[in-house]
Each structure stands twice: as C-alpha cells, then as structure tokens.
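FYI, it's all coordinate maths here, none of it is from the lab. Here the structure is a predicted model, which is why all the values come from computation and not from measurement. Please note: Cβ atoms are built from the backbone with ideal geometry, for glycine as well, and neighbour counts cover all protein chains shown.
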Amino acid sequence: MITPVTRKAKLTYNDYLKTPDDKRYELIEGELIMTPSPVTYHQWVSKNIEYELERFVREKITGRVFDAPYDVCLDNENVLQPDILYISRERFNIIGEKNVQGAPDLVVEILSESTAYNDLIKKKKLYARHGVKEYWIVDPGEKSIEVYSLVGKEYVISSSFSINDNLESPLLTGLNIELASVFSY
C-alpha cells in the first residue's frame, strides 16, 4: 500500500503578519523561518556598511537606504528582511507605509551561522528571480564581500573584495568603501 505524502501548507503574507513581534521571521517559499538576532560583530559590520551607503546616497541624492528589520515583500509567499537595502529614486513607488512591495535595487546580506545557507542559496535565488539588480554577500569571518550583478534572472559575480580593498559597486557609480574601516572593530 502506498502512503500518501502530506505536504505542509504554504504560508502567505497574511500568515506572516500574525507572527509575534518579539522574534524576527522571514517567509521563504511559503515557509516561516525564525532568525535569531545577529551577534555583535555582525551588527558592527552592518552599521559600518550602512553608514557608508547612506553617506554616498545622501550626497548624490540617488535613493534611500533601509536596514533590518524591515519587510521586503517580493510576493505573497516571500517576505524577507535583508540586513541592508537600497532603493533608487526612480523606484520610490515600491516603498509603502509598512514595507517594501517589490525588489530593491541593492540588497546586502551579512552571513552568520544561522542564516548563511539561506543567504547564499535560497535568498540569492529569490532576489535574482524577483529582479534585485545587485546583491552583496558580506562574510564577517573572512572579512570579505562578494558583489553579484543580475544578468537575466541569475547573478554573476562582479567582484570579490577583501579587507585590504576598496569596494566599488557596478550599480552605484562612484561608491568607494574602504573595507579596512568596515571590518575594524
């Protein structure tokens, strides 16, 4: 006798809205995933990158920078909270009162033990599928950043930077971030 396979029902944005406020969740392909708060060094690196992005964006008046926790609703079954995101002025229409409705121009994810698999595999595919133009993966342990550019519906690595480099972005022309200061603690 063949036993039928029971599938877990996919959750939606409405289900996601019912999660408790005292924990951080993301909805990936209809699966609710709790993510613990980041460790101190993760937060330090995030703050430093966000500072540099914010300074550049304000000076050039190119868009807005946001940080987690802030919902990015890619669709009804995918609600993510990137560590840092950037939305260009031309796309301000996706910024809602409570969240972002659509793909940011740039997403920065900072790896941690609990999120590395999702950041490197699941979220990377989702961001590409939904049209995030540039994706940075920051590895605090290695003190490195990989910059990916969207080509079609897939990412190709544009550049890899280490602690002794200055990060440059294909998307944000003129941005130059000294990584020694980003990773210093």
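Helix 40-60 and the longest principal axis of the Cα set of the chain meet at an angle near 60°. Sort out the exposed loop GluC sites (Glu not before Pro) in the chain (DSSP loop, at most 13 other Cβ within 10 Å) and tell me the longest stretch that has none. Here the longest run is 30-96. Multiplying the residue separation of residue 149 and residue 70 by 0.36 nm and removing their Cα-Cα distance gives an extension gain of 26.2 nm. Of the labelled figures (1) 23, 18, 17; (2) 53, 17, 14; (3) 29, 19, 16, only one reflects semi-axes √(5λ) of the Cα gyration tensor in Å as derived from the coordinates, namely (3).
Checking every one of the trypsin sites (Lys or Arg not before Pro) in the stretch 1-76 against DSSP loop status and a limit of 13 other Cβ atoms within 10 Å picks out 7, 8, 10, 18, 23. When the Gaussian network model of the chain links Cα atoms closer than 10 Å, the mean-square fluctuations of 19, 173, 35 top out at 173.
Loop-resident trypsin sites (Lys or Arg not before Pro) (DSSP state other than H, G, I, E or B) in the stretch 106-172 with no more than 14 further Cβ atoms inside 10 Å of their Cβ: 153.
Simple spin-label estimate for residue 121 and residue 91 gives 2.6 nm between the two label positions (7 Å along the Cα-to-Cβ direction from each Cα).
Applying 1/(1 + (r/R0)^6) with R0 = 35 Å to the Cβ-Cβ distance of residue 12 and residue 159 gives a FRET efficiency near 0.40. Dividing the helix sum by the residues of the chain, where each DSSP H run of 4 or more adds -39500 (n - 2.57), gives a mean residue ellipticity at 222 nm of -6000 deg cm²/dmol.
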